[in-house]
Amino acid sequence: MSDTVVLNNLHIKDGDNTLVNKTSLNIEQGEIFGLVGESGSGKTLTAKAIIDLLPEGLSYTADKIITAGKNMLTALPEGKREHIGKNVGYIPQNTVFYLHPMIKIKNQIGDGYIYHMHKGKKEALEKAEALLKKVGFENPKTVLNYYPWQLSGGMRQRCNIAMALMNDPKLIVADEPTTALDSTVQRQVMELFETINKELKISILLISHDLGLVKNYSHSLGVMYAGQIVESGYSKTVFDNPKHPYTQLLIKIIPSLKIKKNEPLTEIPGFVREKGRDVKGCLFIDRCPKAMDICREYVAEHADDIQNHCYRCNLE
Amino acid sequence: MKKNASLILGIILVSIIIAVWVLSFAFMPYNPNEMNIPSKFLKPDFSSEHILGTDNFGRDILSRIMYGSRNVLLVGVGSVTLGTLIGIFLGAVASMFKRLGNGIIMRVMDGLMAFPGILLAMMLVTVVERGIYGSIIAISIFMVPVFSRLVYSMILDTENLLYIKAARSYGSSKVQIFFRHYIPAMLPKLITQFSSSIGSAVMIETSLSFLGLGIQPPFASWGLMLSESRQFFLVYPYLAVAPGIAIIITVLGFNLIGDGLNDILINRRSHDE
Amino acid sequence: MANNVVISAVNIRKEYVTKKHFITGRTKEKYVAVKGASFEIEEGKTVGIVGESGSGKSTIGEIVGGLQEPTHGNVFYYGRNIKELSEEEYRDYRKSVQFIFQDPKGSMDPNYKIDHILSMPLLTTNIAGNKNEAEKIIDEMLIRVGLDLSIKNKYPSEISGGQCQRAAIARALMVKPKLIVCDEPVSALDVSIQAQILNLLRELQRELSISYIFISHDIGVVNYMSDTILVMSNGAIVERGEAKEVLLNPKEKYTKKLIESAFM
């Protein structure tokens, strides 16, 4: 199996309320997969289900979850935890709080490494220094001695990435890694992901609400809306030929120099629905410019395996 | 949501005391100070006229317990309220003049906090006066440092919040901002501290009365009753039981409420993240 | 005939003292956030300020709006130095300059519902005498910014970031300001919501002739919203001009870098 992640038919519920529905995705080895959607689309939950980090209180089912070679549905809890600890690097949203503010970088960056890989502190520091250099710090020794609050947002994010790399993971899950960063720093961070992916051949699951960001840095992508993947495929294919109206609108929204200042920006009016996600019809119907009556009852699923382009829509 | 056992138990206990307090105004079986020497040292007997018995002067113990609840609650709640108000004022002033505030006011507070409560109260009472109002003043002074430090640090925390900046931007005066925004932000912690402090205040009051520095005889006070029961302890141990249990229920009750509220506060915090 | 100039900033400089002598209080070290900035804002126009974090753009916004005082330099409101205004005139100036912040939920007190939050500026500035008068104005404003009136009974934590920012815009409009300082108003929102907010701001500007200072690190967004752009780096304005000009013919390397990052 050369795929890093295989997810089939994921269904996540909070009590009676469906949050994520019928979601499937594949991440090939060495691929960057972008999972795109608005807040509330379920992309973070999907990623957490893949790496066994769903918060308590949520229940989930799936036909298949294979993460970095291990079947997550049949494994025991301790086995899962160990496997994820050793093979997955996770960079969550709100990374401002990810690093302990009262502990120097050198005293926390090696925690996962020491625990999961059973190594000593000295080895951990050596590896940390090498990785900090790799993520772009010119003086890794100085950075190790800093407290997190002495670093800027972009620098902290690079520390998080270094920390995620400590265990030589097969998969990195980065949840909105560039939110709250300046656009110039965003670019640096994305190029770092690109470098890591090329040189170390690590698969990356990149979660973002910004299709423009994902477009330039991912090989494949999936567009999520209200808990379902509505379109997925190789990035180039999806961009050259977007089939789902939501994807089409998202593409239109990407800023470019050609924006005409006197025209209003393309909007997607309304907002994502939180409840009632397990209806048979299309969930985008309230906001879709091309909605038809049949969309209320039924949504056709198109899967083109040759081009690897799938989408859920009644339009051709 | 896990049921908060502390809070529920605390509320039950404090309700008992409050019920006793309320009843003391209408249903005291006897005048608590009325001596009745022929009936002295009657043992507690639920079927007799003196349910909890009588003391060495023939005074009905149940009535004395009920009367005592008035003092305890007056001093307990009164002193903490006074201490809180002064503490809020000092904390607010200290936060407004940072160098003066941190340097002088807070250091004085630190100094006061270095004294064990009962010691401080004893010292103050000798200066002020004995009796119920002296106790209230002495204990409230003891309470001031805790509240002023709490308010000071909460104000410093809240100052940097964005919505305070927003409030300034549409022209709210400092006073308006304080009452509209700072106070609601501080209330949860203040209320929690308030409850816990009542427990301490009651403890100190009963200690003062025990030592004869609080409420003076012949008036009934639980601490005094405990103190008076000492000389008869070997022969009539029941004299110590009623006041002892009353004290325990009150202090424990308020402390449990304080703990319970604190738990809710902490859980609410992490829920917001 | 040029429009009236609402705000004019002349040589604004802001320093923060980072180290003081222990006893004498004399300044030993200081940090300069803004190094001598001057610009003007006309009625109904938008001045965009773009730069990375730490460039001083937010500080300038706050100084112009009266939330901070400049260490040196002056701010003029309709030609009059704000330091020389009478108490009443000063209150009028502060009312005329309102703010929208980057974190919409953070800019609202979580202990109050939306209708109460929106009523606060009205009651503070005595535009409305009581809750009933305030309610009418609030309803009108909520509809204007595209919110459902049911939002009045919700707390900021119960509504989405986009809805909250609309409410913040409504709040800023309550007191009929001449100028709104928008400090990164869409940076914390999903891209699909950003468009909604920006369109709303533009509409309101056309309708009400409001001026904006539009602050952001994203030169693409700043370009769309602004008539003129100031590019800031390390506290100084390094380039300025008409928005189109700056974007098509950037002169500074820094400006070019900003443009590259925005339009990847």
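Bear in mind that the values in this text are calculations on the coordinates, not laboratory data. In this text, all values refer to a predicted model and were calculated from it rather than measured experimentally. Positions of Cβ are generated from backbone atoms using ideal geometry, with glycine treated the same way; all protein chains shown enter the neighbour counts.
Some observations on this one:
- Each semi-axis of the equivalent ellipsoid for the stretch A:236-275 is √(5λ) with λ an eigenvalue of the Cα gyration tensor; in descending order they amount to 21, 18, 7 Å.
- Added length on full extension, which subtracts the Cα-Cα distance from 0.36 nm per residue, C:GLU252 to C:VAL10: 84.8 nm
- For the peptide A:176-182, the mean number of other protein chain Cβ atoms found within 10 angstrom of a residue's Cβ is 3.
- Charged-residue dipole, Cβ positions (Lys, Arg, Asp, Glu), chain C about Cα centre, Debye nearest 20: 740
- Residue by residue, the stretch A:229-235 carries 3J(HN,Hα) couplings of 7, 8, 7, 8, x, 5, 4 Hz when phi is fed to the Karplus relation 6.51 cos²θ - 1.76 cosθ + 1.60 (θ = phi - 60°); x denotes Gly or Pro.
- FRET E, pair C:ILE143, B:TYR133, Förster distance 60 Å, beta-carbon r, rounded to 0.05: 0.50
- Backbone phi angles across the stretch C:32-43, fed through the Karplus curve with coefficients 6.51, -1.76 and 1.60 (θ = phi - 60°), yield HN-Hα couplings of 9, 8, 10, 10, x, 10, 9, 6, 10, 10, 8, 4 Hz in residue order; Gly and Pro are listed as x.
- Counting only aspartates and glutamates at least 8 places from C:LYS45 when in the same chain, those with an alpha carbon closer than 12 Å to its own are C:ASP227, C:GLU242.
- Built amide H within the under 5 Å cut-off of C:GLU42, gap 5+: C:VAL6
- Proximal lysines to A:LYS260, defined as alpha-carbon separation beneath 16 angstrom and excluding residues fewer than eight positions away on the same chain: A:LYS252, C:LYS244
- Sites C:SER209 and C:LYS19 - FRET efficiency at Förster radius 51 Å, r taken between beta-carbons, to 0.05: 0.65
- For C:GLU239, the residues 5 or more places off, or on other chains, whose built amide H falls under 5 Å of its own are C:VAL231.
- Charge dipole (Cα centre; +1 on Lys/Arg Cβ, -1 on Asp/Glu Cβ; no other charges) of the stretch B:1-114 amounts to roughly 600 debye.
- Calculated FRET efficiency, B:LYS189 to C:ASN74, Cβ-Cβ distance, R0 = 56 Å: about 0.85 to the nearest 0.05.
- Computed on the Cα trace of the stretch A:84-211, the radius of gyration divided by the Kirkwood hydrodynamic radius gives Rg/Rh = 0.93.
- Under 16 Å from C:LYS136, Cα to Cα: lysines that are on another chain or at least 8 residues apart: C:LYS152, C:LYS176
- Label point at C:GLU245 placed 7 Å out along Cα→Cβ; residues across the stretch C:200-237 whose backbone nitrogen lies under 18 Å: C:223-232, C:237
- Mean separation of Cα contacts under 8 Å (6+ apart) over length of the stretch C:99-249, as relative contact order %: 23
- Given their separation in residues at 0.36 nm each and the Cα-Cα distance between them, B:SER173 and B:ASN160 gain 3.1 nm when the chain is fully extended.
- Paramagnetic label reach from A:GLU56 (point 7 Å along Cα→Cβ; backbone nitrogen cut-off under 16 Å): within the stretch A:3-27, residues A:15.
- Rough spin-label spacing in nm, given labels placed 7 Å along Cα→Cβ, for C:ARG26 and B:VAL241: 7.7
- Of C:LYS20/C:LYS253; A:LYS43/A:LYS201; A:LYS261/C:LYS105; A:LYS106/B:LYS189, those spanning more than 27 Å from alpha-carbon to alpha-carbon: C:LYS20/C:LYS253; A:LYS261/C:LYS105; A:LYS106/B:LYS189
- Relative contact order for chain A: 22 percent, from Cα pairs under 8 Å spaced at least 6 residues apart, divided by residue count.
- Within the listed set B:PHE254, B:PHE178, B:PHE41, the residue fluctuating most in the Gaussian network model of chain B (springs between alpha-carbon atoms under 10 angstrom) is B:PHE178.
- Mean per-residue shielding of peptide B:158-166 is 6, counting Cβ atoms of other chains within 10 Å of each Cβ.
- Per-selection Kirkwood Rh - chain C (Cα, Å, 1 d.p.): 19.4
- Sequence-separation-based contact order of the stretch A:32-119, relative, with Cα cut under 8 Å and 6+ spacing, percent: 19
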